[in-house]
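The values are calculated or read from the model by the stated rules, or taken from the named source; none is laboratory data. As the structure is a computational prediction, the values presented were derived from the model and not from experiment. Positions of Cβ are backbone-derived with ideal geometry, glycine not excepted, and every protein chain shown enters the neighbour counts.
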Amino acid sequence: MKVAVTGANGMLGGEAVAQLAGRHEVLALGFGPGRPPEGTYRWQEADLGDGRSVEAALLEFGAQAVFHAGAVTDVDGCEREPDAAWRVNTGGTQQVARACRALGARLVAVSTDYVFDGASGPYGEEDLTNARGVYAQSKLAGEWAALSIAPDCAVARVAVVYSGRTTARSTFATQVVEKLSRGEVVKAFDDQFTSTTLAASGAAMCLELLLEHAYRGVLHVSDETVMDRVDFARRVAARFGLTGEIVPVKTADVKLLAPRPLRGGLKVERAAGMLRHRPLSIDAALGRFHDEWARRTPR
Ligand SMILES: NC(=O)c1ccc[n+]([C@@H]2O[C@H](COP(=O)([O-])OP(=O)(O)OC[C@H]3O[C@@H](n4cnc5c(N)ncnc54)[C@H](OP(=O)(O)O)[C@@H]3O)[C@@H](O)[C@H]2O)c1
C-alpha cells in the first residue's frame, strides 16, 4: 500500500516511518534538517505552511493512506509566531485533507489533549473542547478541517509525547534523564495533570487505526496513566535508577506565554477496547523508553 507520513522528522512521524518501512511503499514528508530512522522509504521535503507543497506531494505519490503528524509543536512558540502556527497546524491539515479527499485516501490526523481547557479532565472523546492559546486553537481548527474535508478520516489525540530514539528531539522525559544523570536539579509542575504518550506506542495505535480500521471521528491514543509532572519525573527517575532532586513548582509561578491545561489527561478506554495495540501503562511505557535509551547511538 502507498502510505505517506507528514512530520516524518518528528517523534510520532519518525516512529511511524520506522514501523511502516519495508512493509509498505512509504513517502516520508519532512521539513527541517532532521531525518527519520534508517529504513526503506522515499524522503521528500515539503512545507505544511505554504498552502500547496504537501498537497502536491501527496497527489503526485498517489497516497492511499496518510498519517498526518506534522505540526508546529512549540506551544509558547505558537504565541510568539501565531501566523506560522495557523498556516501549519490548520492550513497544513487543510492541504493534507484536500489531497486525501481527491485521492479517496484514508487519513489519520494527530491532535492534542490541549483542545481541552483542563478544568475537569481526564477527558473522553465526546467531551466539549475549549482550546486556549494559539497552539491549541490552531490544532482544534485542524481537527475540524480534517474531519470536514476528508471523508475517510480519524483524528487521533495524544498528550506529552516522548521517545528514547536517537533521532527524537529533547522532551521533558529525556531532560529528566539527562539532568539527573549530570547531578542537576529537575523542576516539574505538580499542578499539571496529564497523560503521556510513548511515541512508539502512539504511532503503533495510529497506524493500526489508519490501516486496519474504518473508524471515523476522534479517538484518544495516549498511554493510559494520568499523573502530574512531578509524579512522571519521579517514575522516570526510578525506572532509570537515578536519584537526585525533583523540585515541585506551580504553573502560576512560572512565566509561560501559553495557558496550560491543569486538570487534563485523556481517557483511552475506547482505544483499549478497539485496538490490538492497547494503550500502555506508565510502567510498560517507561520500560520501553528505557530500552530505547539504552540503544541510543551518539549523534
Ligand atoms: N509533542 C507533544 O508533546 C505532543 C502532544 C500532543 C499532541 N502532539 C501532536 O503530535 C503530532 C506529532 O508531534 P510530535 O510529538 O512528533 O512532535 P515533533 O517531534 O515536534 O514533530 C512535529 C514535526 O512537524 C514538523 N513540522 C513543523 N513545521 C513544519 C512545516 N512547516 N512543514 C512540514 N513539517 C513541519 C517538524 O519538522 P522539523 O523536525 O523539521 O522541525 C517536526 O518533525 C503533532 O500533531 C502534535 O501537535 C504532540
Query raised in the report: Checking Arg235 against (1) touching a residue at least 60 places away in the same chain (Cβ under 8 Å); (2) charged (D, E, K, R); (3) over 21 Å from Pro261 (Cα atoms), which test does it fail?
Result: (1)
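Output the number of residues of the range 88-129 satisfying the condition of being part of a helix (DSSP H, G or I) and polar (S, T, N, Q). Write out each step before concluding.
As a first pass, look at the range 88-129 and keep what is part of a helix (DSSP H, G or I): 88-103, 113-115.
From the residues that got through so far, the ones that are polar (S, T, N, Q) too are 89-90, 93-95.
The total comes to 5.
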Report summary line: Contact list, first residue from the range 51-74 and of a type in the set (Ser, Thr, Tyr), second anywhere and surrounded by 15 or more Cβ atoms within 10 Å (Cβ to Cβ) and in a loop (DSSP other than H, G, I, E, B), beta-carbon distance below 7 Å, six or more apart or interchain, is Ser53/Ala46; Ser53/Asp47
Requested in this report: Filter the range 253-283 for residues that are free of Cβ contacts under 8 Å to residues at least 40 places away in the same chain, not in a loop (DSSP other than H, G, I, E, B) and not acidic (Asp, Glu) and give the result.
Outcome: Gly273
Query - Filtered residues of the range 76-104 (kept if more than 8 Å from the ligand (Cβ to nearest atom) and crowded, with 24+ Cβ neighbours inside 10 Å) - result: Cys78, Ala85, Thr93, Gln95, Val96, Ala97, Ala99, Cys100
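Only residues that are closer than 26 Å to Thr196 by Cβ and touching a strand residue (DSSP E or B) at 6+ places or on another chain (Cβ under 8 Å): list them for the range 74-114, please. Let's see the steps before the verdict.
Step one: of the range 74-114, the residues closer than 26 Å to Thr196 by Cβ are 74-80, 85, 88-90, 92-93, 96, 107-114.
Matches in the range 74-114: Gly92, Thr93, Val96, Leu107, Val108, Ala109, Val110, Ser111, Thr112, Asp113.
Per-residue answers, yes or no, for (1) under 29 Å from Asp283 (Cα atoms); (2) in contact with a Gly (Cβ under 7 Å, 6 or more places away or on another chain):
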site: Ala102; (1), (2): no, no
site: Val110; (1), (2): yes, no
site: Gly121; (1), (2): yes, yes
site: Asp152; (1), (2): no, no
site: Ala173; (1), (2): yes, no
site: Val176; (1), (2): yes, no
site: Ala200; (1), (2): yes, no
Query raised in the report: Would you call Asp228 acidic (Asp, Glu) and either surrounded by fewer than 20 Cβ atoms within 10 Å (Cβ to Cβ) or more than 29 Å from Val66 (Cα to Cα) (or both)?
Result: yes
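Of all residues in the range 28-45 being crowded, with 19+ Cβ neighbours inside 10 Å and not aliphatic (A, V, I, L, M), which is nearest to the ligand (Cβ to nearest atom)? Walk me through it before giving the result.
If we filter the range 28-45 for residues that are crowded, with 19+ Cβ neighbours inside 10 Å, which is where we start, we get 28-31, 36, 41.
With the extra rule that they be not aliphatic (A, V, I, L, M), the set shrinks to 30-31, 36, 41.
On the way: Gly30: 5, Phe31: 3, Pro36: 9, Tyr41: 15 Å.
By that ranking, first place goes to Phe31.
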Report summary line: Leu242 meets each of (1) in contact with a helix residue (DSSP H, G or I) (Cβ under 7 Å, 6 or more places away or on another chain); (2) aliphatic (A, V, I, L, M); (3) assigned to a strand (DSSP E or B); (4) surrounded by fewer than 20 Cβ atoms within 10 Å (Cβ to Cβ) with one exception, condition (3)
Query raised in the report: Taking helices (runs of 4 or more DSSP H) that fall entirely within the range 23-87, which contain at least 2 residues that are in contact with a Phe, Trp or Tyr (Cβ under 9 Å, 6 or more places away or on another chain), modelled with pLDDT under 95 and of a type outside the set (A, V, I, L, M)?
Result: none
Query - Qualifying positions in the range 46-75 - surrounded by fewer than 20 Cβ atoms within 10 Å (Cβ to Cβ), among the acidic types (Asp, Glu) and more than 8 Å from the ligand (Cβ to nearest atom) - result: Glu60
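Are any residues in the range 155-186 outside any helix (DSSP H, G or I), surrounded by fewer than 16 Cβ atoms within 10 Å (Cβ to Cβ) and more than 11 Å from the ligand (Cβ to nearest atom), and if so, which ones?
Within the range 155-186, Thr166, Arg182, Gly183, Glu184, Val185 qualify.
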